[in-house]
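The values are calculated or read from the model by the stated rules, or taken from the named source; none is laboratory data. Computed from a prediction, not measured in an experiment: that's the story for all the values here. Every residue, glycine as well, gets a Cβ built from its backbone with ideal geometry; the counts of neighbours run over all protein chains shown. Each accessible area value is taken on the protein alone, full model and side chains, heavy atoms only, with ligands, DNA and RNA left out. Shrake-Rupley method; radii C 1.70, N 1.55, O 1.52, S 1.80 Å.
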Amino acid sequence: FPGERNSMVGQKARGQISAYAAITMSLMFRGHLFTVVVVGGYARLVRWDRRGSIVTNRFKYTEGPGALILFEFYLRFAQLTRTQRGLD
């Protein structure tokens, strides 16, 4: 993820998150996948596809404008069709 510390712990965590996304996409036959990564009081939205991922900047999801970002994501996601959600 851009802007993150490049520590060994961070690299392992990013590798694990990537592996979970790859497994989910292979088992569920998805064209793409959306995930919310929460670490402490911060979150990121990630859109995965077969080529890689698009990652938002981290935001504080518990208060202020960050809480609205997460709310709006779920609100919009709920209105997507199955295909737009990534299901084949």
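Kirkwood analysis of the chain, using all unique Cα-Cα pairs, places the hydrodynamic radius at 14.0 Å. Residues considered: Y42, Y74, Y61. Largest GNM mean-square fluctuation over the chain, using C-alpha springs under 10 Å, is found at Y74.
Using DSSP loop states and a limit of at most 13 other Cβ atoms within 10 Å to flag trypsin sites (Lys or Arg not before Pro), what is the longest stretch of the chain containing no flagged site? The answer is 6-49.
Hey, any idea what % of the chain's accessible area is carbon plus sulfur with a 1.4 Å probe? Of the solvent-accessible surface of the chain, carbon and sulfur hold 59 percent.
Averaged per residue, the chain has 73 square angstrom of accessible surface, using a 1.4 angstrom probe with ligands and nucleic acids left out.
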